[in-house]
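This report concerns only the one structure given below.
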Amino acid sequence: MNVVSMKALNYINGEWVGEEHDRLEVFNPASGEIVGTCPKVGRVETQLAVDSAYTAFSEWSSLSVYERVSYLKKWHQLILQNKEELATIITLEMGKTLKEARGEVDYAASYIEWFAEEGKRIYGEIIPSHNKEKRMQVWKKPVGVVAAITPWNFPAAMLTRKMGPALAAGCTIVVKPSSDTPLTAIKLIEYCHEAGFPKGVVNIVTGSSAIIGDELTKNEKVRKITFTGSTEVGKKLMEQAAHQMKRLSLELGGHAPIIVLDDANIDKAVQATMASKFRNAGQTCICGNRIYVQSGIYDEFVERFSKEVQKLKVGNGLDATTDIGPLINSAAVQKVNEHVEDAVSKGASIVTGGVYAYGKEDNFYLPTVLSNVKSDMLVMREETFGPVAPIQKITSDQEAIELANSSPYGLAAYVFTESMSRGTKIIEKLDFGIVGWNDGAPSAAQAPFGGMKESGIGREGGHQGIEDFLETQYVSIAL
Ligand code: NAP
């Protein structure tokens, strides 16, 4: 597919714009080739996009939710009809395997379907009054213009997880995707255009994140920022948004512990850990980062897990036999290598992998297992965001809880035990927004997704996911 020829423009007020601007080049991380380009716009265009969303808000929010949902359903259908096209763009600009990219398209579409339905269940409340001459009600209203800033690792799903609830709630939106993967986002907006959303309801701008982010947080017409990305940038946006008390949802970084206890079903634990750790080449916010295995099964787990890891084939995501694609860029590969070198220098052993797959010039790193790992190693403290599985030996449930919670992050955690009692007691003590119990893939549109501590604020997905796009208005009526 010739993606370069795709209409990679910006979309403001129902028009494709930005032809005259400098271009942002988008690279295929598997080959280094340019996949396509899109405009590099700045403050003025961002203001225009916000203005158009602001103007469109009045009419869009006045439609019945059934009318709004009809657009979402058309958009949902178009995404699924064009699954192969969208999946190919994801693989080309992000690197994940085509199989995973197809999965991401389904996952992305599921959020639109879920929130199209959930929009119909935005209920208010009637509060029993203390005064027979008064009626007390709670009304729900869309917050207004929303600015959505999204990362590169799930370029489709992180967008629909925000756009679905925002649009169903009656908000209008300006999207700013990652500069690494803007083409997927622009393609999704093309489907919005085809679905016939009224002009100004959805807008997209691409370019310098600092300038666009600054405008989105300073512009008084933007009432809410919804961001998925690193904790570092999340904190910056929180500071910027504080000046106007903008509503904020932050889906940030993670450092997920995987706890495997000695009564675990080892087959299940190995398979689920493989799924959690190596999906997207280890570049997911909820992927297992640090694996704690109880001493009684430590050696067996390391051996069986490593055998599975050795079967993974590294290569271009377009190749049907590939299990692990490239990392997003050379800086990402360098970080992974630094984490491995740091661990080895502090006494860890490389069981398998531990090197660049094809040489330092490429973005591929071999899936790696480290044993004899200790808590002071970088891999056990910072997001590695790559295919490295460090395994530390633990002795007790209490130690597992303490080590798991010893991180500033609190996004996802995994526990493997066949004991209802141990699992319940441990999970009750874990400070994480998402827990997979004998499950390495807990995320689903109908479930709340989000973190505690420095992993963020708010939840996406589930019935909770639409709340963040609604204001609560209490109305007291004197009869
Ligand atoms: P990132 O560097 O924080 O970038 C995320 C987005 O923010 C991009 O669109 C980026 O634009 C933009 N951005 C960067 N600096 C900005 C600024 N000063 N003002 C406004 N926007 C700015 O994160 P990433 O590397 O793309 O994504 C990986 C991170 O996302 C990881 O930490 C991962 O854990 C996290 N993540 C979290 C979740 C979750 O649900 N909790 C899901 C997926 C990923 P440019 O690309 O143009 O710079």
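The values are calculated or read from the model by the stated rules, or taken from the named source; none is laboratory data. The shown structure was predicted, so the numbers you read here are calculated from the model rather than taken from an experiment. Please note: Cβ atoms are built from the backbone with ideal geometry, for glycine as well, and neighbour counts cover all protein chains shown. Ligands, DNA and RNA are excluded from the accessible area calculation, which covers all protein heavy atoms including side chains. Shrake-Rupley method; radii C 1.70, N 1.55, O 1.52, S 1.80 Å.
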Selection from Pro442, Gly317, Leu378 lying farthest towards where the dipole of segment 256-444 points positive, charges on Cβ = Gly317
Put Glu104, Glu402 in order of accessible area, largest first, 1.4 Å probe: what do you get?
-> Glu402, Glu104
Probe 1.4 Å - accessible area at Lys83, Å² to nearest ten = 50 Å²
Based solely on its DSSP helices, what 222 nm [θ] is calculated for the chain when runs of n ≥ 4 H residues each add -39,500 (n - 2.57) and the sum is averaged over all residues, nearest 500 deg cm²/dmol?
-> -12500 deg cm²/dmol
Using just the alpha carbons, could you tell me how many Å³ per residue the convex hull of segment 248-346 encloses?
-> 153 Å³
Two decimals is fine: what is log10 I(q)/I(0) at q = 0.11, 0.16, 0.17 Å⁻¹ for segment 256-444, from a Debye sum with one equal scatterer on every Cα and no solvent?
-> -0.43, -0.92, -1.05
Report, to the nearest whole %, how much of the accessible area of segment 1-134 belongs to carbon and sulfur atoms, 1.4 Å probe, protein only.
-> 51 percent
Under a point-charge model restricted to the Cβ atoms of Lys and Arg (+1) and Asp and Glu (-1), what is the dipole moment magnitude of segment 73-205 relative to its Cα centre, in debye to the nearest 20?
-> 660 debye
Report, to the nearest whole %, how much of the accessible area of segment 256-444 belongs to carbon and sulfur atoms, 1.4 Å probe, protein only.
-> 49 percent
For segment 168-275, what is Rg from Cα atoms divided by 2.2 N^0.38 Å, rounded to two decimals?
-> 1.46
In cubic angstrom per residue, the convex hull of segment 378-479 built on its Cα atoms measures 169 Å³
How big is segment 230-276 by Rg and Dmax over its Cα atoms, in Å?
-> 18.4, 52
Assigning unit charges at the beta carbon (Lys, Arg +1; Asp, Glu -1) and nothing else, what dipole magnitude in debye, to the nearest 20, does the chain show about its Cα centre?
-> 1120 debye
Cα centroid separation - segment 17-70 against segment 444-467, whole Å | 25 Å
Have a look at the DSSP beta bridges in the chain and tell me what percent are antiparallel, nearest 5.
-> 45 percent
Out of Leu403, Leu250, Ser476, whose Cα points farthest toward the positive end of the dipole of the chain (charges: +1 Lys, Arg; -1 Asp, Glu; placed on Cβ)?
-> Ser476
Give me the Kirkwood hydrodynamic radius of segment 48-152 in Å, from all C-alpha pairs, to one decimal place?
-> 17.0 Å
Residues of the chain: accessible area per residue with a 1.4 Å probe, Å² | 40 Å²
Mean 1/r over all different Cα pairs, inverted: what Kirkwood radius does segment 13-62 give, in Å?
-> 13.1 Å
Using θ = phi - 60° and the Karplus curve 6.51 cos²θ - 1.76 cosθ + 1.60, what whole-Hz ³J(HN,Hα) does each residue of segment 19-29 get, with Gly and Pro shown as x?
-> 4, 7, 7, 4, 9, 9, 8, 10, 9, 7, x
Fraction in percent of alpha-carbon pairs per bin - 10 Å, the chain = 4, 20, 29, 25, 15, 6, 1, 0
Output the Cα-based Rg and Dmax of segment 9-104 in Å, rounding Rg to one decimal and Dmax to a whole number.
-> 17.0, 48
Would you calculate the separation in nanometres between label points at Trp139 and Lys346, each defined as 7 Å from the Cα along the Cα-to-beta-carbon direction?
-> 5.6 nm
